[in-house]
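Asks: Right, I'll just put the structure down here and ask away after.
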Amino acid sequence: MKASSPFVFTSGTIGYPLLFVLLIWIVFWAEIRFGIRFNSFGVRPGEIVGLRGIIFSPFIHSDIKHLFNNTIPLFILSLALFYFYRPISWKVLLIGLVSTGLLTWLIGRPANHIGASGIIYLLASFLFFKGVFSKHYRLVALSLIVVFVYGGLVWYVTPIDPSISWEGHLSGLISGFGLSLIFRKNVPEPPKYSWQKPDYSEEEDLFMRHFDENGNFIENLPIEEEEEDENEFNYIYKEKPKKD
């Protein structure tokens, strides 16, 4: 009667999020080790050269605090994405990366917009809205967890701090919502138990045999004698005679 789950934990479920975090830390280490800054590779709105930041900006961070605050939620949210939405995970990441960066380039202030926070807002937005739209009990539960843990992020899509790229946050939020609509039909089917399958038969169900036609539970089922099959082999144990 066990139902098959559409959610499968694979090596990529945790491997890809770890790889993302590792690359970000390697870039930051290279900046400290060799005394170079990659801030100019961020998204620079209104400038053609600033479009390269769509790819590079999520790997660039200003300081250790900025790096630490981004890598933890990035790991958790991307892990949730690869576990619950594995078939479309890469599409969500790649399309979301481009759309978030492009929106930031269109609406952002004239500055270098860096950091993975736009991707974090993308993932949080997608996981929340996709779970609500899916109506799958596990995905709805995931949406509630995202709101409970990261609900406070919504305040940073407004210009409350001039040192924070609220445009990148807003772009990620919009991109995540848009992708949840695009992939609205890509919902894992709820698990089906044996009694929900078309070929299910109550007569062959060992548990249902314990109930009579009136619904009364029968603890000990009567043993029915069956004719032996011609191809059936019966093994009878005989004790070996003892030698004197």
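The values are calculated or read from the model by the stated rules, or taken from the named source; none is laboratory data. Just so we're clear, the structure is a prediction, and the values are computed from it rather than from any experiment. Positions of Cβ are generated from backbone atoms using ideal geometry, with glycine treated the same way; all protein chains shown enter the neighbour counts. Ligands, DNA and RNA are excluded from the accessible area calculation, which covers all protein heavy atoms including side chains. Shrake-Rupley method; radii C 1.70, N 1.55, O 1.52, S 1.80 Å.
Asks: For the pair R109/F75, report the inter-label distance in nm, with labels modelled 7 Å from Cα in the Cβ direction.
Replies: 3.1
Asks: Same structure again: Could you tell me the calculated FRET efficiency between V8 and W90, based on Cβ-Cβ distance and R0 = 22 angstrom, to the nearest 0.05?
Replies: 0.90
Asks: Report, in whole Å, the centroid distance computed from the Cα atoms of segment 148-163 and segment 4-62.
Replies: Here the two parts' Cα centres lie 21 Å apart.
Asks: Quantify, in whole percent, the carbon and sulfur part of the accessible surface of segment 71-183 (1.4 Å probe; protein heavy atoms only).
Replies: C and S atoms contribute 77 percent here.
Asks: Quote the relative contact order of segment 2-148 in percent (integer), defining contacts as alpha-carbon pairs under 8 Å separated by 6+ residues.
Replies: 28
Asks: Related question: Between L144 and L22, what length comes free when the chain is fully extended (0.36 nm per residue of separation minus the Cα-Cα distance, one decimal in nm)?
Replies: Difference between extended and current length: 41.1 nm.
Asks: Quick one: which of 92-103, 29-40, 139-150 comes out on top by average Cβ neighbours within 10 Å, and what's the full order, highest first?
Replies: Highest-to-lowest ranking by the protection proxy: 92-103, 139-150, 29-40.
Asks: Residue by residue through segment 155-163, which ³J(HN,Hα) values in whole Hz follow from phi under the Karplus form 6.51 cos²θ - 1.76 cosθ + 1.60 (θ = phi - 60°), with glycine and proline marked x?
Replies: Computed from phi, the couplings for segment 155-163 are 5, 8, 8, 10, x, 8, 9, x, 8 Hz.
Asks: Quick one: net charge around L122, please, counting Lys, Arg +1 and Asp, Glu -1 for every other residue with C-beta under 14 Å from its C-beta.
Replies: Local net charge: +1.
Asks: Could you tally the net charge around R44, taking each other residue with its Cβ under 11 Å from the Cβ of R44, Lys/Arg +1 and Asp/Glu -1?
Replies: +1
Asks: If you don't mind, another one. What ranking do 112-121, 158-167 get when scored by the average of other Cβ atoms within 10 Å per residue, highest first?
Replies: 112-121, 158-167
Asks: Can you give me the Kirkwood hydrodynamic radius for segment 12-82, using every pair of distinct Cα atoms, in Å to one decimal?
Replies: One over the average 1/r among Cα pairs gives 13.0 Å for segment 12-82.
Asks: Which shape class applies to segment 85-185: rounded if a/c is under 1.5, otherwise prolate when a/b exceeds b/c and oblate if not, where a ≥ b ≥ c are the square roots of the Cα gyration tensor eigenvalues?
Replies: Judged from the Cα gyration tensor, segment 85-185 comes out oblate (a/c at least 1.5, b/c at or above a/b).
Asks: Now, a different point. Express in nm, to one decimal, how much length is gained between A30 and F177 on full extension, taking 0.36 nm for each residue of separation and deducting their alpha carbon distance.
Replies: 49.5 nm
Asks: What is the local net charge at F84, summed over the other residues whose Cβ is closer than 11 Å to its Cβ (Lys, Arg +1; Asp, Glu -1)?
Replies: Once all neighbours under 11 Å are counted, the net charge is +3.
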